[in-house]
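Data first, discussion second: the structure below is written as structure tokens.
What follows is calculated from the coordinates using simple rules that are stated; it is not laboratory data. The structure presented is a predicted model; accordingly, all values stated were derived computationally and were not measured. Every residue, glycine among them, receives a Cβ derived from its backbone with ideal geometry; neighbour counts consider all protein chains shown.
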Amino acid sequence: MLNNKPGSDGFNSFDTIIGKDTTLEGRIVTGSTVRLDGVFKGEIITKGDIFLGDSAKIEGDIKARNVYVGGLIQGNVEASGRVELSSTAKLFGQLKVGNLVIEEGAIFMGNCTTQPISQSPVISEPESEPLLLHENDDLIME
């Protein structure tokens, strides 16, 4: 399911990629598609889709159009479209979705609220502070 999505649904590229050997903490706000295979602690907000590979480990909340999960999420997920949990997915938290698809073998512990896509909340980007990259490659909020 997850591994076939990018090619089969027309998602030929990802605008934001967090690799398998990457650990990141903070907040990601974007209007495009995100692929995450590493470890992330914080909040992800996008008007696009999120693809979490089998090695992904998320501790925090996600708001997106569609969320495809192969790894672990400990937090809440809000999707205006659909959430798909592959057979390797583990989700511990609350779901608010238009549609929910769970493959055999996936683990979901929490509550789920589904509503027709036409009534799903529109994901809006909150105002955020600009990030500046300094000489030592540390991200600093100003």
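Which FRET efficiency, nearest 0.05, do THR114 and ARG27 yield, Cβ-Cβ r, R0 35 Å?
0.85
Taking the alpha-carbon distance from LYS41 and a cut-off under 19 Å, which lysines remain once sequence neighbours fewer than 8 residues away in the same chain are dropped?
Within the straight-line cut-off, LYS41 pairs with LYS20, LYS57, LYS63, LYS90.
Could you derive backbone 3J(HN,Hα) for segment 83-97 from the dihedral phi with the Karplus parameters 6.51, -1.76 and 1.60 (θ = phi - 60°), listing whole Hz in sequence and x where the residue is Gly or Pro?
Karplus values, whole Hz, x for Gly and Pro: 10, 10, 9, 6, 5, 9, 6, 9, 10, 10, x, 9, 10, 9, 9.
For PHE108, list long-range residues whose amide hydrogen, built 1.01 Å from N in the peptide plane, is under 5 Å from its own amide hydrogen.
Long-range HN contacts for PHE108: LEU91.
May I ask for the net charge around SER80, where only other residues with Cβ less than 10 Å from the Cβ of SER80 are counted and Lys, Arg are +1 while Asp, Glu are -1?
Around SER80, the charge tally is +4.
For GLN115, enumerate residues with amide H under 5 Å from its amide H, sequence gap 5+ or separate chain, H modeled in the peptide plane.
Residues meeting the criterion, in which the H sits 1.01 Å from N, are VAL97, GLY98.
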